[in-house]
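Enquirer: Sharing a structure below in structure tokens format, with a few things to ask.
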Amino acid sequence: MRLSVDNLACRRSGRRIFANLSFALGPGDALAITGRNGAGKSSLLAILSGRLRADAGRIDVADVGEASLPECLHAVGHRDGLKSSLTAGENLLFAQRLLGAPRLDPRAALERLGLGHAHDLPVAYLSAGQRRRVALARLLVCARPLWLLDEPTAALDTASQAVLAELMEHHRAGGGLVIAATHQSLGLAGTAELRIETAAAAPVADVLEEWA
Ligand SMILES: Nc1ncnc2c1ncn2[C@@H]1O[C@H](COP(=O)(O)OP(=O)(O)OP(=O)(O)O)[C@@H](O)[C@H]1O
């Protein structure tokens, strides 16, 4: 998969968040999105995942056949997207059936994240770091070339951060792409950095946020 982003701009609640963002990624590439709180890192990921409309610019994908960009990606964000009353295994099975392109079975994915024992536990019983690891296990139950990760190491202990780094390296080695918004190093070799700087304040009155 190839992804190219040209002169992307974002406005939220009438306020310009960023403008003129451009980058291009190919198989095996990793990009760390950095910037101060509120710079627009999560907003950029929301635009890429198709949840938020860009104010300007282009996003193009290539080498994915007929698939659209949202069909090519996994997004793991601040909200874990897990159903608390379902077990970890049921959550992953649900994701696998919804997203298609099955890869590891849920138990194997949880074991890879060191959470095999949680397979039959309701997610409501898990700690914050364990929930994050179940959300990350979704990356393994379905094959999708682009991983969009928002603060992926948040709530993870050191051992789990190392496991995540291994998973990302393995994904890249297989030609996958990783884009992560982060305040700390991803621990990956050859990661490019895109730092979002504060946009010139450009308030525009009476503009409602446009969700895709
Ligand atoms: N749902 C929303 N509606 C309107 N404005 C929003 C919304 N979500 C975020 N914003 C605004 O967009 C700007 C960018 O927020 P965003 O969450 O993208 O920043 P960030 O770089 O990810 O920050 P952090 O490092 O704190 O996670 C902020 O000024 C924020 O107030």
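The values are calculated or read from the model by the stated rules, or taken from the named source; none is laboratory data. Just so it is clear, the model here is predicted, and its values are computed rather than measured. In this analysis, Cβ positions are derived from the backbone assuming ideal geometry, glycine residues included, and neighbour counts consider all displayed protein chains. The protein model used for the area step is the full one, side chains on, heavy atoms only, and it has no ligands, DNA or RNA in it. Shrake-Rupley method; radii C 1.70, N 1.55, O 1.52, S 1.80 Å.
Enquirer: Exactly one of (1) more than 16 Å from the ligand (Cβ to nearest atom); (2) not assigned by TED's automatic domain parsing to the domain that holds M168 is unmet by M1. Its number?
Expert: Here M1 meets the rest and fails (2).
Enquirer: Would you be able to tell me the number of residues in region 108-124 that are more than 23 Å from A173 (Cα to Cα) and open to solvent by 50 Å² or more (accessible area, probe 1.4 Å)? Write out each step before concluding.
Expert: First pass over region 108-124, keeping only residues more than 23 Å from A173 (Cα to Cα): 115-124.
Now narrow it down to the ones that are open to solvent by 50 Å² or more (accessible area, probe 1.4 Å): 117, 120-121, 124.
So the count comes out to 4.
Enquirer: Which of the residues spanning region 19-43 are of a type in the set (G, A, S) and away from the ligand (no atom under 16 Å from the Cβ)? Even if it seems obvious, please write down each step before you answer.
Expert: So the first thing to find is which residues in region 19-43 are of a type in the set (G, A, S), and the list is 19, 22, 24, 26, 28, 30, 32, 35, 38-40, 42-43.
S22, A24, G26, G28, A30, listed by residue number.
Enquirer: Of (1) in a loop (DSSP other than H, G, I, E, B); (2) in contact with a helix residue (DSSP H, G or I) (Cβ under 6 Å, 6 or more places away or on another chain); (3) at pLDDT 95 or above, D80 satisfies all except one. Which?
Expert: So D80 meets the others, but not (3).
Enquirer: Quick one: in region 125-179, which of the residues that are in a strand (DSSP E or B) and open to solvent by less than 10 Å² (accessible area, probe 1.4 Å) is nearest to E111 (Cα to Cα)? First the steps, then the outcome.
Expert: Going through region 125-179, the residues in a strand (DSSP E or B) turn out to be 142, 146-150, 177-179.
So of that shortlist, the ones also open to solvent by less than 10 Å² (accessible area, probe 1.4 Å) come out as 142, 146-149, 177-179.
Values: C142: 15, L146: 22, W147: 20, L148: 22, L149: 20, L177: 23, V178: 22, I179: 24 Å.
That would be C142.
Enquirer: Okay, moving on. What single numbered condition from (1) within 26 Å of A154 (Cβ to Cβ); (2) more than 16 Å from the ligand (Cβ to nearest atom); (3) not assigned by TED's automatic domain parsing to the domain that holds R103 fails to hold for R15?
Expert: Here R15 clears every test but (2).
Enquirer: Let me ask something else. Given the options S85, S42, S22, name the one that is part of a strand (DSSP E or B), surrounded by fewer than 20 Cβ atoms within 10 Å (Cβ to Cβ) and among the polar types (S, T, N, Q).
Expert: Exactly one of S85, S42, S22 is part of a strand (DSSP E or B), surrounded by fewer than 20 Cβ atoms within 10 Å (Cβ to Cβ) and among the polar types (S, T, N, Q), namely S22.
Enquirer: Say we look at region 48-58 and pick out the residues that are within 20 Å of R144 (Cα to Cα) and either assigned to a loop (DSSP other than H, G, I, E, B) or open to solvent by 10 Å² or more (accessible area, probe 1.4 Å) (or both); which of these is farthest from the ligand (Cβ to nearest atom)?
Expert: Here the residue is G50.
Enquirer: When the residues of region 133-156 are filtered to those that are within 16 Å of the ligand (Cβ to nearest atom) and not hydrophobic (A, V, I, L, M, F, W, C), which remaining residue is farthest from the chain's Cα centre (by Cα)?
Expert: The selected residue is T153.
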